[in-house]
Amino acid sequence: SAMEKQMKAERDRRAAILEAEGLKKSAVLKAEGEKEIVFLFEEKQEEKQEKEIIFNTEIENKIYKKALENGMLKEQAFLILAISKHETGNWRSNAFKTKNNLGGIMCNSGLKQYKTQEEGIDAFINLLKNRYFAKGLDSVEKIGGVYCPIGAENDPYNVNKYWIPNVEKYFNEYLKNY
């Protein structure tokens, strides 16, 4: 009947509005005569519900945002942050301040220098993405064994032994607080 078609059109219109707002139907819209009985909708899907994370420092916000833009998962972005925080002494090192080097990245002549902070962020994220995450090196321990191995020739004072526990501490703080 015309009334049923009108009711169906109205239900479809409401459903389209709710879905356009990012909501997902969880129950079939039902009608009995002229009365609509059920309108149940789930809250926004979990990933859409996740609020934007705001960190304590501008550099953490920049790194995290750029990591997500590069396809990193939240946990991978936290790992990137934890490594950078350790490598730069909480972003206070000379290498970070004067060379825009976020990860103690080396080249033949020593610490690598980047023209801008953005270039340094991109280089650091791409390094971890392509040379670690893409090869299955996806935990602090797995990355540390390659990134900062104990007994390395460039570690005469044997400080690499602190890398895994310190990065793990920062990583767990990010997981807990965000």
Between residues in segment 99-116 that are more than 10 Å from T88 (Cβ to Cβ) and residues that are crowded, with 19+ Cβ neighbours inside 10 Å and at pLDDT below 95, which pairs lie under 8 Å by C-beta distance while being six or more apart or on different chains? L111/G104
Within segment 133-143, identify whether any single residue is in contact with a Lys or Arg (Cβ under 9 Å, 6 or more places away or on another chain), modelled with pLDDT of 95 or more and open to solvent by less than 20 Å² (accessible area, probe 1.4 Å), and answer yes or no. no
Residue that is surrounded by 12 or more Cβ atoms within 10 Å (Cβ to Cβ) and either modelled with pLDDT of 95 or more or small (G, A, S) (or both), where the choices are E58, E69, E118: E118
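Among the residues of segment 88-115, what is the count of those that are part of a loop (DSSP other than H, G, I, E, B), touching a strand residue (DSSP E or B) at 6+ places or on another chain (Cβ under 9 Å) and open to solvent by 30 Å² or more (accessible area, probe 1.4 Å)? Walk me through how you get there before you give the answer.
Narrowing segment 88-115 to residues part of a loop (DSSP other than H, G, I, E, B): 88-93, 100-105, 108-109, 112-115.
Within this subset, residues satisfying the condition of being touching a strand residue (DSSP E or B) at 6+ places or on another chain (Cβ under 9 Å) are 101, 104-105, 112-113.
Okay, now just the ones that are also open to solvent by 30 Å² or more (accessible area, probe 1.4 Å), so 112-113.
Counting residues in segment 88-115 that are part of a loop (DSSP other than H, G, I, E, B), touching a strand residue (DSSP E or B) at 6+ places or on another chain (Cβ under 9 Å) and open to solvent by 30 Å² or more (accessible area, probe 1.4 Å) gives 2.
Every residue in segment 59-87 that is polar (S, T, N, Q), part of a helix (DSSP H, G or I) and in contact with a helix residue (DSSP H, G or I) (Cβ under 9 Å, 6 or more places away or on another chain), please. Walk me through it before giving the result.
Narrowing segment 59-87 to residues polar (S, T, N, Q): 61, 70, 76, 84.
Narrowing the set further to residues that are part of a helix (DSSP H, G or I) leaves 61, 76, 84.
Hits for segment 59-87 are Q76, S84.
Tally time: how many residues in segment 144-156 are open to solvent by less than 30 Å² (accessible area, probe 1.4 Å) and either of a type in the set (F, W, Y) or outside any loop (DSSP other than H, G, I, E, B) (or both)?
So the first thing to find is which residues in segment 144-156 are open to solvent by less than 30 Å² (accessible area, probe 1.4 Å), and the list is 144, 148, 152, 155.
Checking which are either of a type in the set (F, W, Y) or outside any loop (DSSP other than H, G, I, E, B) (or both) leaves us with 144.
Here the count works out to 1.
The values are calculated or read from the model by the stated rules, or taken from the named source; none is laboratory data. As the structure is a computational prediction, the values presented were derived from the model and not from experiment. Every residue, glycine among them, receives a Cβ derived from its backbone with ideal geometry; neighbour counts consider all protein chains shown. Areas reflect the complete protein model, heavy atoms only, side chains present, ligands, DNA and RNA absent. Shrake-Rupley method; radii C 1.70, N 1.55, O 1.52, S 1.80 Å.
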